[in-house]
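What follows draws every value from the coordinates through simple rules; no lab data is involved. A quick note: this is a predicted structure, and the numbers were derived from the prediction, not measured. In this analysis, Cβ positions are derived from the backbone assuming ideal geometry, glycine residues included, and neighbour counts consider all displayed protein chains.
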Amino acid sequence: MRTRTTSLIAAAALAASTLLMAPATTAQADERSCRSSLGAITVDNLRVPSGATCTLNGTRVKGTVVVAGGATLRATAVNVVGNVQAEGHRHVQLDRSTVGGSVQLKQGGTATLRSNRVTGDIQLFTNRGTETVSSNRVNGNLQCKENSPAPTGGSNVVQGNKEDQCKRL
């Protein structure tokens, strides 16, 4: 009886140690790369790779859109649950779309943001090209700093503050 009890205890200890040493599994959202165009489909996260051009029309993104260096994003009537982020982009165009997070365009080229609903902020920092920001509804702030030339546009409804170069937009 003692040998059987010892065997059961050893087996239980082995099972417990196996569970403790097993790697933790984490759920990761899929990231889709876009180099051409997407229509009315749903994706998790979306990346526009360096140098690529992506056109979205009626697309739903459950996560974030990231636009890499030298890339172009043209998005019309899209719904992004997360953020739209670009750094070093060639061009970002966002028309008649909804963004649940913020739109952050930094150290890139040109941009057109027209008739969008943004729950967070719109931030345009250190871009070097024509930027037009018009007729957007922003729950957060509209922030523009160190862009050359300064962004143009108007008729934006901003719940937070219009700051720096965007004060008159």
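Data for the structure
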item: Using a Förster distance of 25 Å, the FRET efficiency for K167-T112 (Cβ separation, nearest 0.05); result: 0.80
item: Computed lengthening from D44 to R60, 0.36 nm per intervening residue step minus Cα-Cα distance; result: 4.9 nm
item: Net lengthening on full extension, S148/T53 (0.36 nm per residue, minus Cα-Cα); result: 31.9 nm
item: Backbone N within the range 41-56 under 20 Å of label point (7 Å from D30 Cα along the Cβ vector); result: 41-49, 54-56
item: The range 71-84 - phi-based ³J(HN,Hα) in whole Hz, Karplus 6.51/-1.76/1.60, Gly and Pro as x; result: 9, 10, 10, 10, 10, 10, 6, 9, 10, 10, 6, x, 9, 10
item: Amide H within-cut-off set for T55, under 5 Å, with H built and near neighbours excluded; result: S36, S37, L38, R74
item: Low-density loop cleavage sites - trypsin sites (Lys or Arg not before Pro) in the range 47-141, where at most 13 other Cβ are within 10 Å (DSSP); result: R96, R128
item: N136 long-range amide H proximity, modeled H, under 5 Å; result: S115, N116, N156, V157
item: Lysine pairs with alpha-carbon atoms under 20 Å apart, the range 20-169, spacing 8 or more or separate chains; result: 5
item: Amide H contacts under 5 Å for V103, placed H, 5+ residues apart; result: V84, D121, I122, Q123
item: Local electrostatic count at N136 - Lys and Arg +1, Asp and Glu -1, tallied over other residues with Cβ under 9 Å; result: +3
item: Charge tally in the Cβ shell below 10 Å around G108, where Lys, Arg are +1 and Asp, Glu are -1, G108 excluded; result: +1
item: Within-13-Å neighbourhood charge of N57 [Cβ basis; K, R +1; D, E -1]; result: +2
